[in-house]
Structures are given as C-alpha cells and as structure tokens.
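Notes for the one structure printed next.
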Amino acid sequence: MRPVIETSVGSRQRLEAVASRFALPGPVVAIRELGNGNVNDTYLVTVRPAGKAEKHLVLQRINTRVFSRPDLVMGNILRLGDHVEALRRRGARRAARRWEVPRALPALDGVHHWVEEGGDVWRTITFVEGSRSFDTIGDPAQAREVGLGLGQFHALISDLPVAELADTLEGFHVTPGYLAQFQRVLRRTAVPLTPQAQHCIAFIRAREAFVSVLEDAKAAGRLPLRPIHGDPKINNVMMDVDSGAAIALVDLDTVKPGLVHYDIGDCLRSGCNRLGEETDDWRSVQFDLTLCEALLEGYGAVAHQFLTPADYDHLFDAIRLIAFELGLRFFTDHLAGDVYFKISRPGHNLQRALVQFRLTESIEAQAPQIRAIVERLRLAAHAVPPAAA
Ligand code: GN1
Ligand code: MG
C-alpha cells in the first residue's frame, strides 16, 4: 500500500525519508499532520510491524529558532523517561491508573534526534495508543481528570533533581523578561497602532508592578525550583478514549527546572476558558469557576503530597499571571512581526492576545471566588490523614 502523505511542510518523499532515519518497528503506511502546535511541526506516523497491529509514532521537526539546543531538549526527555522507568522498576508509585511517558526513539546512528541536510532537526517519539486530547474541557469530571493528570506528572518527577535537567529555554515563564522584551519591541515599532493594539498596551502598563510576583517569591526562597512540564495546556493532556481518564502528558520539550506554578497557571488558563484560546469571539471569554474548582481538586488530590503552604499562597497569583503572560507574549510577537508563534492569518497573534487579556480580566474580577477555591483546596489537603498522603 502507498503511504498517504501530503502536508504543508514537506512532500511525502521527504517525510518518509526523515521517518526512515529512525529505528521504526515496521514500514511506514501513513503520515499525517498532527495537532496544532504553535512552535514545532508535528506528524503522526503509522507503521505496520510484520504480523502485528499498526502502531503510531510522533515525528516532529524541532523549531530551532526557539529551541537552540535540541540535543539538550532530547537529553531532558530521556532523563525524564529513565527516571519514571526507574521508579516503576523499583515498584515505587505503583500505578493505580494507566500512566505513560512518551519515549524518544533512537535514530539509526543511535542519537535521539536527526539533523537533516539544511539543518532541520527531527525526532521521533512514541504515541500514546488509545488516547485523544481536547482543545476545550467539556465538563467538571473532565476538568478533574486533567488536574489529576498534571498532579500525577508532577508527583512522578518531584524527586528528579533539577540539577539533572538542562535549562533548554532560558527565561521561559519568567514574566519580567517578557515585559522587558515587550518594551524593547514597542520602542522600535514604527507602524501606527490600531485601537486594539492600544488597548493591549494600556492593559499591560496597568499590570507592570504585578509581573514579578512569582519571580520575587522564587528569589526570596519561598518557591523552590522543581522539574516542570512547562506547557501543560489541556490539549497536551492525553485522555483514554474509552474511560476518559488522563493517561499521559505529551509535548515534553519544555520539561526543565521551573516553578510548578507556571504549570498550574498554564493548565488553568487553558482549561477554564470554555471558548478555547483560538476563539475570535474574545469579548465573550470568561474564566469558568466550576471547571477551575474541579481541575484544582483533581490536581490537589495528588499534589497535596508535595505542595507547601507557600505554594498555596501563590496559586491565585499563578492563575492570574500565566494567562496575562501568554497575552503579553502573543502581543509582543504581533508587534515584532510574528516571529515566534506560527500564525494562519495576519492579526492572529493580536487576537490570541486579546483572548488571554480578557481571560485575565475575568480572573481578576473573580479573585475572591478563586481565592476561596484555593483555601478549600488547602483545607482538603490538611484533611488527608498522613498515612494516605
Ligand atoms: C506554544 O507550540 P505549543 O502550542 O506546544 C508555547 C507555549 C504556549 C502555547 C500557547 C515553547 O506551545 O508556551 O503556552 O504555544 N510553547 C513555547 O498555545 O513557547
Ligand atoms: Mg509545547
């Protein structure tokens, strides 16, 4: 059978040739684009091992303008996989639920990424069979699962020493750095600003004092560096197609030392926006409290094991900050000429920024209710008897 392959980045032949550089378990029967990532190019490769059922793999072209050291990115992914494998072998954290960590396949030369002529860097990762992801959350039960998934991921990596992970994306989620970059880009913006762009600028200026809230807590030693996922937006949480249970976090490029608050904020800003981050109806965007409570409850059911009192103190700030930060990043990229996030039309990054800023406003307007949810979470954590913790 001829492989079915036609994509924007490459011809069928090119992608097939790239895939064949990896130690695949069988011949390729199909390749198609997968997901809607804003940074890397991603393909689902179907292979048919002799006498066995079809298997799927994820082939990705790593965006080296963003990840300048793909070797270190792969090193972190391998370190994470080895860590979880070692935990499993030791029988610790016996899985009460199915949980998978995608693994990198070696290229034929034994290295885990392959550099194509011309400099493009590719890698192949296992696909979590029988799973799917969602761009928006449907109901509180699903929100709880997403939270459990993030908690499970954090619990599995919480005792991986941060010194063993490379900083593959310096400044990632360090909001004051994004603010400084915004100010630099704005100073050299020559084109006239639309009313919407002016709204974004005023929105950012009104929050300048707030941007360092997590970095200050980190610098003061109140929040520790831990291994994090870096990008746990809800479509990176894979759910079992039959049971709906969260069974994996994918897109491991940004696994590195950071604050769990970045992850919690990112998961909530993506999970509690029922219209999704790509909506063009940005004025209708709201932060959904019901989904927030369910998601945090799921997260807390696992994370109470490692969260400290100071962690709870900064949860509301994290939820507000990471939504704002993503708006700031999208807007800066819009002003800079769309050099970081992939776009499908002019003004796309401006629209994405407006969505995140509207979400931030909704979070701010519901601050007392969100703080009350965090307090209930804190109390529930204390109510767990030590033996069960
Ligand atoms: C980018 O490429 P993707 O969609 O996995 C970005 C995240 C943003 C996200 C917003 C390395 O992730 O930080 O939250 O877009 N990744 C990087 O959709 O910048
Ligand atoms: Mg990502």
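The values are calculated or read from the model by the stated rules, or taken from the named source; none is laboratory data. Small disclaimer: the values here were computed from a predicted structure and weren't measured. Don't worry about glycine lacking a Cβ; one is built from the backbone with ideal geometry, like all the others, and counts go over all protein chains shown. These area figures cover heavy atoms from the full protein model, side chains too; ligands, DNA and RNA do not enter into them. Shrake-Rupley method; radii C 1.70, N 1.55, O 1.52, S 1.80 Å.
Laid out as a table, the results:
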| quantity | calculated |
| --- | --- |
| Lone unmet requirement of (1) over 19 Å from Leu57 (Cα atoms); (2) open to solvent by 20 Å² or more (accessible area, probe 1.4 Å); (3) in contact (Cβ under 8 Å) with a residue 60 or more places away in the chain for Gly138 | (3) |
| Elements of type helices (runs of 4 or more DSSP H) contained in region 294-369, each with 3 or more residues being open to solvent by 10 Å² or more (accessible area, probe 1.4 Å), modelled with pLDDT of 95 or more and farther than 18 Å from Leu275 by Cβ | 309-313, 315-336 |
| Scan of region 190-237 for residues that are out of contact with any Gly (no Cβ under 6 Å at 6 or more places or on another chain), modelled with pLDDT of 95 or more and of a type in the set (Val, Ile, Thr), ordered by number | Thr194, Ile201, Ile204, Val211, Val213 |
| Residue count, region 149-174 (criterion: surrounded by fewer than 23 Cβ atoms within 10 Å (Cβ to Cβ) and farther than 29 Å from Arg65 by Cβ) | 5 |
| Residues of region 42-71 satisfying the condition of being within 14 Å of ligand 1 (Cβ to nearest atom), open to solvent by 20 Å² or more (accessible area, probe 1.4 Å) and without any contact (Cβ under 8 Å) to a residue 60 or more places away in the chain | Thr42, Asn63, Thr64, Ser68 |
| Some residue of region 262-284 being more than 22 Å from Ile228 (Cβ to Cβ), of a type in the set (S, T, N, Q) and either open to solvent by 10 Å² or more (accessible area, probe 1.4 Å) or not assigned by TED's automatic domain parsing to the domain that holds Arg61 (or both) | yes |
| Residues within region 8-35 that are without any contact (Cβ under 8 Å) to a residue 12 or more places away in the chain and open to solvent by 70 Å² or more (accessible area, probe 1.4 Å), tallied | 1 |
| Number of the condition not met by Trp99 [criteria: (1) assigned by TED's automatic domain parsing to the domain that holds Leu295; (2) surrounded by 18 or more Cβ atoms within 10 Å (Cβ to Cβ); (3) not hydroxyl-bearing (Ser, Thr, Tyr)] | (1) |
| Hey, Leu24 under 23 Å from Phe134 (Cβ atoms) and away from ligand 1 (no atom under 16 Å from the Cβ) or not | no |
| Residue in region 122-132 that is part of a loop (DSSP other than H, G, I, E, B), at pLDDT below 95 and either open to solvent by less than 50 Å² (accessible area, probe 1.4 Å) or among the β-branched types (Val, Ile, Thr) (or both) present | no |
| Residues that are modelled with pLDDT under 95 and in contact with a Leu (Cβ under 8 Å, 6 or more places away or on another chain), drawn from region 370-382 | Ala381 |
| Set Val185, Val191: member being aliphatic (A, V, I, L, M) and either surrounded by 15 or more Cβ atoms within 10 Å (Cβ to Cβ) or assigned to a helix (DSSP H, G or I) (or both) | Val185 |
| Phe210 being over 19 Å from the mean Cα position of the chain (by Cα), of a type in the set (Phe, Trp, Tyr) and surrounded by 13 or more Cβ atoms within 10 Å (Cβ to Cβ) | yes |
| Scope region 260-273; condition more than 14 Å from ligand 2 (Cβ to nearest atom) and of a type in the set (A, V, I, L, M, F, W, C); matching residues | Val260, Ile264, Leu268, Cys272 |
| Members of region 150-178 that are within 16 Å of ligand 1 (Cβ to nearest atom), in a helix (DSSP H, G or I) and in contact (Cβ under 8 Å) with a residue 12 or more places away in the chain | Leu150, Phe153, Thr175, Tyr178 |
| Val39 of a type in the set (Val, Ile, Thr), buried (at least 16 other Cβ atoms within 10 Å of the Cβ) and within 16 Å of ligand 2 (Cβ to nearest atom) | yes |
| Complete set of residues in region 228-259 that are assigned to a strand (DSSP E or B) and within 16 Å of ligand 2 (Cβ to nearest atom) | Ile228, Val237, Met238, Ala248, Leu249, Lys256, Gly258 |
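Conditions (1) of a type in the set (Val, Ile, Thr); (2) within 17 Å of Lys233 (Cα to Cα); (3) in contact with a strand residue (DSSP E or B) (Cβ under 7 Å, 6 or more places away or on another chain), marked per residue:
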{"residue": "Gly298", "(1), (2), (3)": "no, yes, no"}
{"residue": "Gln305", "(1), (2), (3)": "no, no, no"}
{"residue": "Asp313", "(1), (2), (3)": "no, no, no"}
{"residue": "Phe316", "(1), (2), (3)": "no, no, no"}
{"residue": "Phe330", "(1), (2), (3)": "no, yes, no"}
{"residue": "Thr360", "(1), (2), (3)": "yes, yes, no"}
{"residue": "Pro368", "(1), (2), (3)": "no, no, no"}
